[in-house]
Every structure is written in C-alpha cells, then in structure tokens.
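Please read the structure below before turning to the comments.
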Amino acid sequence: MKTCLQRRLATALLVVGLMAGCEPGPDTVEELPAVSVTVFETERIERDAVVKVAGIIQPDQRAGLGTRQAGTVEDVFVEAGDRVEAEQPILQVDARDLEAARSAARLQVQAARTAWEQAEQNRRRFERLYEQELVARIRKEEAEIEADSARGLLAQAEAELAAIEVNLDYATLRAPFDGIVSEVIAETGTFVAPGPPLVVFEDRGRLNVEAGIDQTSAGQLRPGLELPMSISGIDATLTGRVQAVLPGLEDSGVGLRMRLVIDDPPETLEPGMVAELDVPSGLPAHTLTAIPESALLRRGQLEGVFVVETDDQGELRARLRWVRLGDADPATGRLAVLRGLSGGERVVFGDAVTALSDNQRVRVVSGAPD
C-alpha cells in the first residue's frame, strides 16, 4: 500500500515538472537606447561658515502724531496705506474754543500795545520837561516805570497769543516727513485728549533689520559690512549694511542684537516681514560641491542628479544619485551640494535630465550650462 502511494506521488511530481518545462519563459527586457547628453564637471567652492539668523524688517523712521488739546475730530483726510508728503494735512480737531481764545488774545494785545504807546509818549514828554527843568526828577522816573510796565504787559499778551496760535496749529495734524500712513487710530466724531497718538507714519524709503545674535558672531561684525538675506515671497537676494551691534535689553534683559540698514528696498518689502540672514560664525571656511540648477532632478521632496560613470563593459551610463542641497552661491548662481556628490564628477544638465532613466546608456556631447 505504501509503495503504491509513493509511486503515484512520484508520477505526479514528474508531470508537474514536465508541464513547467513546457511553459514559455519571461520576455527579455529590452535596454533603452543611448541618449546624447551634455555634462558639467562639478566644481569645488569655498564658503565662509555662517549661521542663519531671523530678523524683523522695520521702518527707518516711525512717528505717532497726537494733539496738544482736547477736542472732537472734525475730519480725517487719509487712510492707512496712503502715501503722504511732509506737511500734508492729515487730521483736523475742532478748534472753535481756541479760535475764540485767539480773538480775545488779539484784542488784549491791541489794548496792551495802545497802553504801551501812550506810556512811551508820556515818558518822552516828561524827559523833555525834565531837561527844561519844568518837572521834578521823580515825575520823569514814574513815567519811565509806567512805560516799562506797559511794555511788559504787551510782551505778556503777545506771548499768550503766540501760545494759543501754536496750540491752534496743532489742531491740524500734518505729516512729519514723506512716507506712508501705517495706522489711523482716531475717527471722525471721536473725542481726543492731548498725548496719545492719533495717526502713525512710517518712512519706508530706507528699512532696518534687527535680529538677536550670539557673542561669537557679534565679534565678526563691523559697521558697513554687507550681509546677504533671503525673504519669503521676494525672489531677489537682498543685502543689508551693518549699522551697529546693540545690547538686547528690551525683552530678556541679556544678549545682543544687530541692526542692519537696507538703503534701497524694493516696494514689495514691507515692515513686519521676516528676513533670514547669513551671519559669519567665526568658524573656518568649508568646501562645497557646486552644480548648475539645470542639472537638478526633483521628484516630490527628493532632489537628485544623473552622474555619468563608466560600467564594467566600458560604456557610459547615467546613474541617478540623490543629493542634499544648500543655498545657491551668490557669486556664480550654482547650487551648493552638501551631501551625495564630490568635486570633479560629471553630471548631466539641460533638457535631457527629465528624460533619462537610471542606469541608461549615454553619449557625451559638448555643451556648457547657462
């Protein structure tokens, strides 16, 4: 019984083996044809060691204007975001009380001037009479005292009128400089008091950047040094000029902060934006590998290049290699490779990058990256 079962099992295995031998094998994968490519020999670039520091864009000048008198806002002539010129009217406060006081002060000045002129005439008359020995010396002196007193009263009345006119001038707020209205706090009909700002102005013709830095980096800075910066949403690479390194005592009470000046900012750069600054770290410079941007292949969040290498049969092949990138070199525009590539290797650049497959055969032709 056992022998019969073993024979049947052997027969079945033999049939299965024969059937498997009769099935056709998988098709051979046809290799892609060779592609003509242009290559770039990677460069080695020296880069100073820097630290990334975040700074806040601020206006070079910022002023809040208030009034010197209590009153109701009659009119507001601007809105937030408006460009204004120096001395342009901005806001009008009700000044009827001051206008009435000015009218009364003018009458007092006129009366004081009339009294002083009369006292001056008396003084001159008594001086002539005294010279003719027609009046006593004391009468001449009394006339002089009266004239001096009248002159003092006139000066006091004129000072009071000038003070009223100054306050009246502050009833109309004017732009202190050419700039932009940053904020309008008061509205028409609002009662305002002296002191608090009613309108805030900014001069954006020149901007500042302030950022906290460590002591080591602060030692590498000097006034006038240009530092590159990048700002999200602005394609151009900007530079800021170091103005000063200051103690950062406002918030934590310790540390340092640096102030940079952007002399000619683009119109799209506004206060409140965040700038990423490259600040010298004081460490030795390091060497990076540089490639043209057209050599880069992006697949999702991965970034790679095709490196041309020779296989065991002596044929040139494009090997896909994933890399880690740094910032572009501002001098050449080349991309800096932090990891995955060495200097002197040949990478494919141009339109062929997106058409290549890993390990595909290539033919190298002449060419130079843009």
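The values are calculated or read from the model by the stated rules, or taken from the named source; none is laboratory data. Being a predicted model, the structure only gives us computed values, none of them experimental. All Cβ positions, even for glycine, are placed from backbone atoms using ideal geometry, and neighbour counts span all protein chains on display. Heads up: the accessible areas ignore ligands, DNA and RNA and are worked out on the full protein's heavy atoms, side chains in. Shrake-Rupley method; radii C 1.70, N 1.55, O 1.52, S 1.80 Å.
Quick notes on this one:
- Within segment 233-251, being touching a strand residue (DSSP E or B) at 6+ places or on another chain (Cβ under 7 Å) and open to solvent by 20 Å² or more (accessible area, probe 1.4 Å) holds for 237, 238, 239, 241, 243, 244, 245, 246, 247.
- Segment 334-369 - residue that is within 14 Å of residue 35 (Cα to Cα), part of a loop (DSSP other than H, G, I, E, B) and of a type in the set (A, V, I, L, M) and, of those, least open to solvent (accessible area, probe 1.4 Å): 356
- Filter result (in contact with a helix residue (DSSP H, G or I) (Cβ under 7 Å, 6 or more places away or on another chain), free of Cβ contacts under 8 Å to residues at least 60 places away in the same chain and open to solvent by 50 Å² or more (accessible area, probe 1.4 Å)) within segment 155-175: 158, 160
- Filter result for residue 58 (assigned to a strand (DSSP E or B), surrounded by 15 or more Cβ atoms within 10 Å (Cβ to Cβ) and modelled with pLDDT of 90 or more): yes
- Among residues of segment 258-270 that are surrounded by 13 or more Cβ atoms within 10 Å (Cβ to Cβ), those with a Cβ under 6 angstrom from a residue that is of a type in the set (Val, Ile, Thr), sequence gap 6+ or separate chain, pair up as 258/213; 258/245; 260/209; 260/242.
- Counting only strands (runs of 3 or more DSSP E) that fall entirely inside segment 255-333 and contain at least 2 residues that are at pLDDT below 80 and in contact with a strand residue (DSSP E or B) (Cβ under 8 Å, 6 or more places away or on another chain), the qualifying elements are 286-291, 324-328.
- Candidate set: segment 310-333, residues that are open to solvent by less than 40 Å² (accessible area, probe 1.4 Å) and not hydrophobic (A, V, I, L, M, F, W, C); chosen: the one farthest from residue 42 (Cα to Cα): 311
- Residue-level check: of (1) loosely packed, with under 11 Cβ neighbours inside 10 Å; (2) in contact (Cβ under 8 Å) with a residue 40 or more places away in the chain; (3) over 18 Å from residue 41 (Cβ atoms), residue 300 misses just (2).
- All positions within segment 66-96 that are under 24 Å from the mean Cα position of the chain (by Cα) and either basic (Lys, Arg) or in a strand (DSSP E or B) (or both): 83, 84
- Which numbered condition residue 138 fails, given (1) closer than 30 Å to residue 61 by Cα; (2) without any contact (Cβ under 8 Å) to a residue 12 or more places away in the chain: (1)
- Residue pairs meeting the criteria (Cβ under 8 Å; at least 6 apart or on separate chains; first at pLDDT below 75, in segment 36-52; second open to solvent by less than 70 Å² (accessible area, probe 1.4 Å) and polar (S, T, N, Q)): 46/287; 47/287; 49/281; 50/281
- Count of residues meeting criterion [free of Cβ contacts under 8 Å to residues at least 24 places away in the same chain and open to solvent by less than 70 Å² (accessible area, probe 1.4 Å)] in segment 182-192: 0
- Selected residue (criterion: least open to solvent (accessible area, probe 1.4 Å)) from residues of segment 213-228 that are within 11 Å of residue 277 (Cα to Cα) and of a type outside the set (A, V, I, L, M, F, W, C): 228
- Neighbours by Cβ (under 7 Å, 6+ apart or cross-chain): first from segment 61-82, more than 30 Å from residue 259 (Cβ to Cβ) and touching a residue at least 24 places away in the same chain (Cβ under 8 Å); second hydrophobic (A, V, I, L, M, F, W, C) and open to solvent by 60 Å² or more (accessible area, probe 1.4 Å): 72/191
- Out of 152, 179, 195, sole residue that is within 20 Å of the chain's Cα centre (by Cα) and either surrounded by fewer than 18 Cβ atoms within 10 Å (Cβ to Cβ) or closer than 30 Å to residue 55 by Cβ (or both): 179
- Candidate set: segment 62-87, residues that are open to solvent by 80 Å² or more (accessible area, probe 1.4 Å) and of a type outside the set (Asp, Glu); chosen: the one modelled with the lowest pLDDT: 68
- Of all the criteria given as (1) loosely packed, with under 15 Cβ neighbours inside 10 Å; (2) closer than 30 Å to residue 108 by Cβ; (3) hydrophobic (A, V, I, L, M, F, W, C), the one not satisfied by residue 143 is (1).
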